[in-house]
1. Kindly indicate the residue of segment 275-299 that is farther than 17 Å from residue 187 by Cβ and within 22 Å of the chain's Cα centre (by Cα) and also surrounded by the fewest Cβ atoms within 10 Å (Cβ to Cβ) among those meeting that condition.
2. Condition first: part of a strand (DSSP E or B) and more than 19 Å from residue 250 (Cβ to Cβ). Now tell me which residues in segment 284-311 satisfy that.
3. Checking residue 33 against (1) surrounded by fewer than 20 Cβ atoms within 10 Å (Cβ to Cβ); (2) out of contact with any helix residue (DSSP H, G or I) (no Cβ under 8 Å at 6 or more places or on another chain); (3) in a strand (DSSP E or B): exactly one of these is not met. Which one?
4. Sort out which residues of segment 63-81 are buried (at least 22 other Cβ atoms within 10 Å of the Cβ) and closer than 23 Å to residue 232 by Cβ, and write them in order of number.
5. Considering (1) touching a helix residue (DSSP H, G or I) at 6+ places or on another chain (Cβ under 9 Å); (2) modelled with pLDDT of 95 or more; (3) more than 30 Å from residue 271 (Cβ to Cβ), say which one residue 71 fails and leave the rest.
6. Suppose we filter segment 102-119 for residues that are surrounded by fewer than 17 Cβ atoms within 10 Å (Cβ to Cβ) and either more than 19 Å from residue 218 (Cα to Cα) or in contact with a strand residue (DSSP E or B) (Cβ under 6 Å, 6 or more places away or on another chain) (or both); how many remain?
7. Can you tell me which residues in segment 14-30 are surrounded by fewer than 16 Cβ atoms within 10 Å (Cβ to Cβ), in contact with a strand residue (DSSP E or B) (Cβ under 7 Å, 6 or more places away or on another chain) and not in a loop (DSSP other than H, G, I, E, B)?
8. For residue 246, all conditions in the list (1) exposed (fewer than 14 other Cβ atoms within 10 Å of the Cβ); (2) over 20 Å from residue 278 (Cα atoms); (3) modelled with pLDDT under 95 hold save one; what is the number of the exception?
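The values are calculated or read from the model by the stated rules, or taken from the named source; none is laboratory data. All values derive from a computational prediction rather than experimental measurement. When we count neighbours, we look across all protein chains shown, and the Cβ atoms used for this are built from the backbone with ideal geometry, even at glycine.
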């Protein structure tokens, strides 16, 4: 659903998957600072909203998703994943229960497929699933109560009725502002910083969206194996990009090491009002943690987000390049 704010003076539409909201309203850096200071809101109304009601909703979702949801307290926000049987991430969702229903928001365009899958899995249980994206929107800004999750830089993300309109007394900030703050906090975004092969340990979702001591769920075997043995195939890194270059690498651009060997791909990139150009990337586990990289041809220094040897029983030993003895 295209945001009415795209008709505002100075509004510039974002690229996919956020083309239905504004990238910025003419002042990207000022919008970042305002969002961080609590004097702006980010319209994220392109995100999908799914509602699951019925007395069996929590125990049922507990059996399907990666998070411990049986007994979730009202208005206690959390995250969860829906995995494939092989443990690959199919959906990443933010959830909260209001005492009568579970509300979740997901990436743009993902709500219909998620609602359809959940609806097929109801069997004889007392649950109802509805895609309510046309009626409810997602907004990030200062704390406002209700169906809310703590988010980047002290902001809160809320699900609100579309009929309520936008917050009064706050300036709008484009999705570029939110994304820059998200990347700076090393938070991966499903569908941008992941691909069809991504497993939870590779991007750190095991820290926020996976409960490691719950019963069986789809894809659990992969999560348990990697957690016990360590060494996921790839790892998420944070990149400080060369600020002298007048462009950002695009989503999907190759990440290379000197010599031209491709070792991963760029996920999301942004210009942060303090840090400058930054990005997240997914690279092979065995890339040395201090290796200089090229991200879409732009020189980049990496910071570890996910250890190469992540896993509870793995010996953590960050691999570095041999010292130059010459």
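1. 276
2. 284, 301, 303, 304
3. Condition not satisfied by residue 33: (3).
4. Correct list: 65, 66, 80, 81.
5. (2)
6. Selection size over segment 102-119: 3.
7. Result: no residue meets the conditions.
8. (2)
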